[in-house]
1. Which ones in the range 11-70 are among the hydroxyl-bearing types (Ser, Thr, Tyr), at pLDDT below 85 and not in a loop (DSSP other than H, G, I, E, B)?
2. Which one is nearest to ASP59 (Cα to Cα) among residues in the range 1-27 that are among the hydrophobic types (A, V, I, L, M, F, W, C) and in contact with a Gly (Cβ under 8 Å, 6 or more places away or on another chain)?
Amino acid sequence: LVYATCSILKAENAFQMADFCREIAPDVMFDELLNDNIKGVMSSPAGGVQLLPGTQGADGFYLSRLWRPA
């Protein structure tokens, strides 16, 4: 499952993912999304990555990727 928003609000991003995992799918796990190409550009809040507005001329967004173990 990929969850992405064009928002920088915690209420729409990391808090949503925490609620989803707690209430709907407690067995899912977050993928590590930061690699060497973007570690210096994006922050990594619990359960996703965040790009703030103005960073390298981009808009702000949040991205999270979840998976369920087999």
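1. Listed by number, the residues that qualify are SER43, THR55.
2. Looking at the filtered set, the residue picked out is CYS6.
The values are calculated or read from the model by the stated rules, or taken from the named source; none is laboratory data. Not measured: the values here are computed from a predicted model. Glycine gets a Cβ as well: all are built from the backbone with ideal geometry, and neighbour counts include every protein chain shown.
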